[in-house]
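K.L.:
Below you'll find the structure I mean.
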Amino acid sequence: MAGVAAPISKLSANDRQLIREAGLTWLRSGIAELDLKRFIRGERQPEAFYRTRDLIVGLRKEGFQIMGITPGPSNVTTDLGLPGTPEYFENYRRLCTFLGNEFKGLIDYWQVANEVDIWIFRATLTLEQAAEFLKAGLRGLKDAERRLKVGVNITLFPSMPGEVDGNTDRHEGVFIAKSIYHDPGLEVDYAGFDSYPGTWREGGVESWHEYLRAFHELVRKPIIIQEFGYSSAGDMMTEEERASKAYPCQLKKWRFSWKDAHTPETQADFVSESYRIFAEEPFVLGATYYCWKDHATCWQCKSPDCPAETAWGLVDRDNNPKPSYYSLKQCLSAHFSGNLVGSHSES
């Protein structure tokens with residue numbers, strides 16, 4: 001499964017052609033135009049929601065598979081009821097059943113919510129409530145169709161309190177992973193793993209074997225790397241700035257790097273070396289690169305000159321392929337030629 005994170009409703013015909021030519025056959029995306037208030041009232045969704053479904057029909061005909069992402073706690077707020085209450089969890093279960101049914105035959109793999117081990121995506125939920133939220137979503141999808149492949153994604157692993165924003169002595173990533181994958185009453189098909197060694201945490205491609213093997217030992221499920229990547233821009237913090245524990249958005253600089261640089265060339269090397277390692281691990285089903293295109297502004301601090309969320313793409317803001325696009329294309333051809341899952345007939 002070779003994929004890329006991309007908002008499917010914003011992909012042009014040229015985008016889709018470039019993605020196919022690179023050998024990427026999976027698109028990971030949330031479901032646009034879902035109206036939670038209408039869902040709760042039992043009303044029909046807006047026409048834009050059904051245009052999203054029609055779009056996915058077209059994407060499947062073009063040979064793409066979709067990794068669907070259900071709404072997370074930060075997306076639903078109080079629309080489903082008071083967060084943390086039985087009503088809230090039950091409504092979320094019903095919502096995921098609705099999505100599973102609406103996209104049956106179009107989306108075969110689902111990720112429930114996104115990285116709820118990180119506080120910003122948990123919103124007001126406690127860790128324990130976040131685990132219940134995920135369980136409700138997983139059960140809801142299976143209620144729609146047991147053949148759907150479902151899982152959640154964890155990013156705060158290995159658990160190193162203080163290294164990554166959000167990773168504390170509560171060991172959030174391990175807590176969520178155990179809550180889901182050690183529950184014998186849950187039917188879960190894969191474990192999603194997100195990590196950014198060399199950018200958001202210390203390390204680099206040399207970290208992958210250790211990270212993935214330890215995570216597989218913890219979850220005992222096939223692994224899909226739902227997000228990985230490397231920022232192609234950004235200066236490095238000085239030792240004094242690193243010691244201050246400043247967040248990258250504050251200084252517009254990175255704390256961590258691989259090969260001491262965040263450049264397009266380093267990004268290209270990171271991508272190809274990572275895929276080479278993924279190919280060596282038999283329990284890794286696939287990997288999704290984050291993301292397709294550079295962003296105009298950082299979604300965290302809203303600044304156009306902040307590297308934190310602006311320079312991860314395989315193409316730049318003008319849709320020009322970066323060196324990483326070509327290194328990814330070459331690496332997929334070298335290590336996965338003939339083994340990529342993507343056509344409609346293979347679903």
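K.L.:
For the range 251-296, what are the residues that are more than 21 Å from residue 323 (Cα to Cα) and in contact with a Cys (Cβ under 8 Å, 6 or more places away or on another chain)?
P.N.:
252
K.L.:
List pairs: first residue in the range 98-111 and hydroxyl-bearing (Ser, Thr, Tyr), second residue open to solvent by less than 10 Å² (accessible area, probe 1.4 Å) and modelled with pLDDT of 95 or more anywhere in the structure, Cβ distance under 6 angstrom, at least six positions apart or on different chains.
P.N.:
109/67
K.L.:
Do we find that residue 291 is without any contact (Cβ under 8 Å) to a residue 60 or more places away in the chain and surrounded by 16 or more Cβ atoms within 10 Å (Cβ to Cβ) in this structure?
P.N.:
Values: without any contact (Cβ under 8 Å) to a residue 60 or more places away in the chain: no; surrounded by 16 or more Cβ atoms within 10 Å (Cβ to Cβ): yes.
No; evaluated as a whole, the condition is false for this residue.
K.L.:
Scan the range 98-117 for residues that are part of a loop (DSSP other than H, G, I, E, B) and not small (Gly, Ala, Ser) and jot them down. Give the derivation first.
P.N.:
Keep residues of the range 98-117 that are part of a loop (DSSP other than H, G, I, E, B), which gives 103-108, 112-117.
Within the range 98-117, 103, 104, 106, 107, 108, 112, 114, 115, 116, 117 qualify.
K.L.:
Scan the range 173-227 residue by residue and report those that are touching a strand residue (DSSP E or B) at 6+ places or on another chain (Cβ under 9 Å), among the acidic types (Asp, Glu) and either in a loop (DSSP other than H, G, I, E, B) or within 17 Å of residue 133 (Cβ to Cβ) (or both).
P.N.:
187, 189
K.L.:
May I pose another question? Just to be sure before I move on: is residue 14 under 22 Å from the mean Cα position of the chain (by Cα) and open to solvent by 70 Å² or more (accessible area, probe 1.4 Å) in the structure I sent? If you could, list the steps in order and put the result at the bottom.
P.N.:
Values: under 22 Å from the mean Cα position of the chain (by Cα): no; open to solvent by 70 Å² or more (accessible area, probe 1.4 Å): yes.
Against the criterion (under 22 Å from the mean Cα position of the chain (by Cα) and open to solvent by 70 Å² or more (accessible area, probe 1.4 Å)), residue 14 does not qualify.
K.L.:
Next up: Taking only pairs six or more apart or across chains, which ones have beta-carbon atoms under 6 Å, a first residue in the range 196-215 that is within 17 Å of residue 308 (Cα to Cα), and a second residue that is in a helix (DSSP H, G or I) and open to solvent by less than 20 Å² (accessible area, probe 1.4 Å)?
P.N.:
197/207
K.L.:
Here is a further query. Kindly establish whether residue 165 is open to solvent by 40 Å² or more (accessible area, probe 1.4 Å), touching a residue at least 60 places away in the same chain (Cβ under 8 Å) and assigned to a loop (DSSP other than H, G, I, E, B). Step through it out loud before you land on a result.
P.N.:
Details: open to solvent by 40 Å² or more (accessible area, probe 1.4 Å): yes; touching a residue at least 60 places away in the same chain (Cβ under 8 Å): yes; assigned to a loop (DSSP other than H, G, I, E, B): yes.
It is true that residue 165 is open to solvent by 40 Å² or more (accessible area, probe 1.4 Å), touching a residue at least 60 places away in the same chain (Cβ under 8 Å) and assigned to a loop (DSSP other than H, G, I, E, B).
K.L.:
Please go through the range 142-161 and pick out each residue that is closer than 16 Å to residue 181 by Cβ and either assigned to a helix (DSSP H, G or I) or among the charged types (D, E, K, R) (or both).
P.N.:
The answer is 142, 149.
The values are calculated or read from the model by the stated rules, or taken from the named source; none is laboratory data. As the structure is a computational prediction, the values presented were derived from the model and not from experiment. Quick reminder, even Gly has a Cβ in these numbers, built from the backbone with ideal geometry, and neighbours come from all protein chains shown. The accessibility values were calculated without ligands, DNA or RNA, using every heavy atom of the protein model including side chains. Shrake-Rupley method; radii C 1.70, N 1.55, O 1.52, S 1.80 Å.
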